[in-house]
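Q: Structure below; questions to follow.
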Amino acid sequence: MKEKINFGSICVKEAKFQGDIRSHQMPLYATSSFEFDSINQGIDIFSGKEKGLVYGRYANPNTSAVADKIARMEMFGLEGEASALLTSSGMSAISTLAMGVLGHGDKVLTQGNLYGGTTELFVKVLGRMGVETIFTNLQDLNNVEDILRKEKGIKALYFETPANPTMACVDIAALAQLGKQYSAYTIIDNTFPTPYLQQPFRFGVDFIIHSTTKYLNGHGNSIAGVIVGKDKELMEGPVWQTLKLAGTNASPFEAWVLGNGMRTLELRMDRHCSNAQSIAEYLEQHPKVARVNYNGLTSHPDHELAKKQMRGFGGMLSFELKGGLDTGIQFMNDIQFCSLAPTLGDVDTLVLHPASSSHYNVPREMRERNGITDGLIRLSVGIESVTDIINDLEQAIA
Ligand SMILES: *Cc1c(COP(=O)(O)O)cnc(C)c1O
């Protein structure tokens with residue numbers, strides 16, 4: 001979409017809905033339904049002849065305005081148009097899209113190091129509905145092509161880049177190309193980088209989903225998700241139909257809070273990137289740290305690939321403390337300034353020790369296969385003064 005203004009200005013300008021009251025800020029449309037002028041207009045709207053608002057589960061001014069803004073961000077500087085639908089969570093963005101474009105007998109090809117909830121959704125829920133998921137290493141493109149050639153019925157390639165917890169990246173352009181060649185939709189979870197740092201449509205993917213709960217909101221005070229797609233027929237057809245009938249729409253309030261948070265996206269992301277880079281460099285030279293996983297370090301195996309497809313390296317990193325489980329737990333107990341919270345993308349720095357929390361019930365071998373060792377710490381680097389974050393890490397490591 002050709003824009004007259006720059007990315008940062010799109011973030012800042014209020015999401016507007018064309019109503020008859022000229023409020024400067026977007027009001028909260030706490031209404032479950034919308035009135036018709038006449039029965040004929042009602043019929044026209046219901047039959048799709050006229051565009052209009054009907055019922056809050058179908059669309060609402062708050063959810064539509066915020067979704068449209070995210071679509072503009074994802075399409076910034078690109079030809080063509082995309083549309084977006086706001087959902088009740090990141091998980092419901094994934095499940096709604098999956099239910100919208102996949103059916104019994106279809107297969108999904110994806111990676112082992114997905115967001116935990118996504119893996120469980122694919123295996124436990126979609127599996128029960130006859131959608132089979134194949135997990136493989138998506139970094140090995142020959143292997144991906146081999147599977148696409150041999151397996152019949154792969155309808156979607158699903159990926160995340162950079163991915164938890166080692167910030168491993170996959171080649172978006174190459175996977176999008178393979179998807180086209182083998183008639184599989186390509187779907188990317190763009191939650192970690194946001195459209196400011198990475199625009200997957202640039203590389204030819206079909207669909208983008210976000211957990212807007214994270215960086216797009218940025219303030220940790222709402223749960224929502226979004227599906228962005230360029231195929232108008234699919235988006236306005238089966239995808240919207242699924243959202244409407246499965247009832248996975250976002251609430252107007254969550255959309256309103258999200259819209260407010262999104263206005264500082266560019267500023268926040270710049271600061272997340274510079275803080276994370278400084279912290280990664282500090283940790284890398286620390287004698288008690290065995291390894292740092294940050295895409296902005298030249299020591300990261302995917303540094304070059306990340307540089308090719310991202311305009312900055314984001315705020316997520318992980319590092320491994322020398323010593324085992326006890327060292328990790330001790331570190332967590334000694335953290336004072338940063339918060340111990342199981343989310344990411346907030347304005348404040350969040351620390352997580354996967355081995356004693358999110359992955360406590362996962363057997364050690366399985367954990368370690370995905371890079372989650374006993375001493376691994378994940379940081380969602382915030383936008384505070386960076387010296388305060390480093391000072392806290394310093395005393396907790398000591
Ligand atoms: C949090 C997260 C999700 C799930 O989003 P919710 O808003 O919690 O439902 C999906 N993918 C990634 C990468 C996430 O970080």
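The values are calculated or read from the model by the stated rules, or taken from the named source; none is laboratory data. This structure is a prediction, so every number in the text was calculated from the model and none was measured. Here the Cβ positions follow ideal geometry from the backbone for every residue, glycine too, while neighbour counts run over all protein chains shown. Calculation scope for accessible area: heavy atoms of the full protein, side chains included, ligands and nucleic acids excluded. Shrake-Rupley method; radii C 1.70, N 1.55, O 1.52, S 1.80 Å.
Q: Under a point spin-label approximation (7 Å from Cα along Cα-to-Cβ), what is the ASP146-ARG57 distance to one decimal in nm?
A: 4.7
Q: Roughly what angle does helix 325-334 make with the longest principal axis of the chain, taking Cα atoms, 0 to 90 degrees, to the nearest 10?
A: Long axis of 325-334 versus the principal axis of the chain: about 70 degrees.
Q: Based on C-alpha coordinates, I'd like the Rg and Dmax of the stretch 265-397, in Å.
A: 14.2, 40
Q: I need the per residue convex hull volume for the stretch 189-263, using only the alpha carbons, in cubic angstrom as a whole number.
A: Normalising the Cα hull of the stretch 189-263 by residue number yields 92 Å³.
Q: Further question: Set the Förster radius R0 to 35 Å, insert the Cβ-Cβ distance between THR119 and SER38 as r into 1/(1 + (r/R0)^6), and round the FRET efficiency to 0.05.
A: So, using R0 = 35 Å, E works out to roughly 0.10.
Q: Now for a different question. Excluding same-chain residues fewer than 8 positions from LYS124, which lysines have a Cα within less than 17 Å of its Cα?
A: LYS107
Q: Here's something else I'd like to know. Residue by residue through the stretch 87-98, what is 3J(HN,Hα) from phi via Karplus (6.51 cos²θ - 1.76 cosθ + 1.60, θ = phi - 60°)? Round to whole Hz and write x for glycine and proline.
A: Those phi angles translate into 10, 6, 6, x, 4, 6, 5, 5, 5, 5, 5, 4 Hz.
Q: Pick out which of LYS16, LYS107, LYS288 has the largest mean-square fluctuation in a Gaussian network model of the chain, springs linking Cα atoms closer than 10 Å.
A: Highest fluctuation of the listed residues: LYS288.
Q: Applying 1/(1 + (r/R0)^6) with R0 = 22 Å to the Cβ-Cβ distance of GLU50 and ILE5, what FRET efficiency is obtained, to the nearest 0.05?
A: So the FRET efficiency works out to roughly 0.15.
Q: Sticking with the crude label model, points 7 Å out along Cα→Cβ, report the distance from ALA30 to LEU340 in nm, one decimal please.
A: 3.6
Q: Using only the alpha carbon atoms of the chain, find the Kirkwood hydrodynamic radius as the inverse mean reciprocal pair distance, in angstroms to one decimal.
A: Over the chain, the inverse of the mean reciprocal pair distance is 22.0 Å.
Q: When the Cα centres of the stretch 344-398 and the stretch 268-289 are compared, how far apart do they sit, in Å?
A: 13
Q: Expressed as a whole percentage, what fraction of the accessible surface of the stretch 32-156 belongs to carbon and sulfur atoms when a 1.4 Å probe is rolled over the protein heavy atoms?
A: In the stretch 32-156, the share of accessible area belonging to carbon and sulfur is 51 percent.
Q: Against the 2.2 N^0.38 Å scaling, with N counting residues, where does the stretch 39-262 land? I'd like the Cα-based Rg ratio to two decimal places.
A: Compactness ratio reported: 1.00.
Q: Compute, for the chain, the length of the dipole vector about the Cα centre, with Cβ point charges of +1 (Lys, Arg) and -1 (Asp, Glu) only. Units Debye, rounded to 20.
A: 600
Q: Using a Förster radius of 51 Å, what is the FRET efficiency between THR387 and ALA246 based on their Cβ-Cβ separation? Nearest 0.05, please.
A: 0.60
Q: Kindly write out, for the stretch 386-398 in residue order, the coupling ³J(HN,Hα) from the Karplus curve 6.51 cos²θ - 1.76 cosθ + 1.60 (θ = phi - 60°), rounded to whole Hz, with x marking Gly and Pro.
A: Listing the rounded values in order: 5, 5, 5, 5, 5, 4, 5, 4, 4, 6, 6, 5, 5 Hz.
Q: Would you pull out the residues with amide H under 5 Å of GLN111's amide H, same chain only if 5 or more places away, H placed 1.01 Å from N?
A: Amide H neighbours of GLN111, under 5 Å, 5+ apart: THR136.
Q: Hey, which of these cross-link pairs are over 28 Å Cα-Cα: LYS16/LYS214; LYS4/LYS180; LYS51/LYS230?
A: LYS4/LYS180
Q: Against the longest alpha carbon principal axis of the chain, how many degrees, from 0 to 90 and to the nearest 10, is the axis of helix 61-74 turned?
A: Tilt of helix 61-74: around 60 degrees.
Q: Oh, and also: Taking the solvent-accessible surface of protein heavy atoms with a 1.4 Å probe, what is the per residue accessible area of the chain in Å²?
A: Roughly 45 Å² per residue, with all protein chains present.
Q: Show me, for the stretch 182-191, the HN-Hα J-couplings you get by feeding each phi into the Karplus relation (A = 6.51, B = -1.76, C = 1.60, θ = phi - 60°), rounded to Hz, glycine and proline as x.
A: Result, ordered by residue: 10, 6, 10, 5, 9, 10, 10, 8, 9, 4 Hz.
Q: For the stretch 250-375, with only Lys/Arg (+1) and Asp/Glu (-1) charged at the beta-carbon, what is the dipole magnitude about the Cα centre, in debye rounded to 20?
A: 220
Q: Based on alpha-carbon centroids, what's the gap between the stretch 95-135 and the stretch 211-247 in Å, whole number please?
A: 17
Q: Another one. Return the single residue from ILE39, ILE134, ILE187 with maximal mean-square fluctuation; model: Gaussian network over the chain, springs between Cα atoms under 10 Å.
A: Of ILE39, ILE134, ILE187, the most mobile in the Gaussian network model is ILE39.
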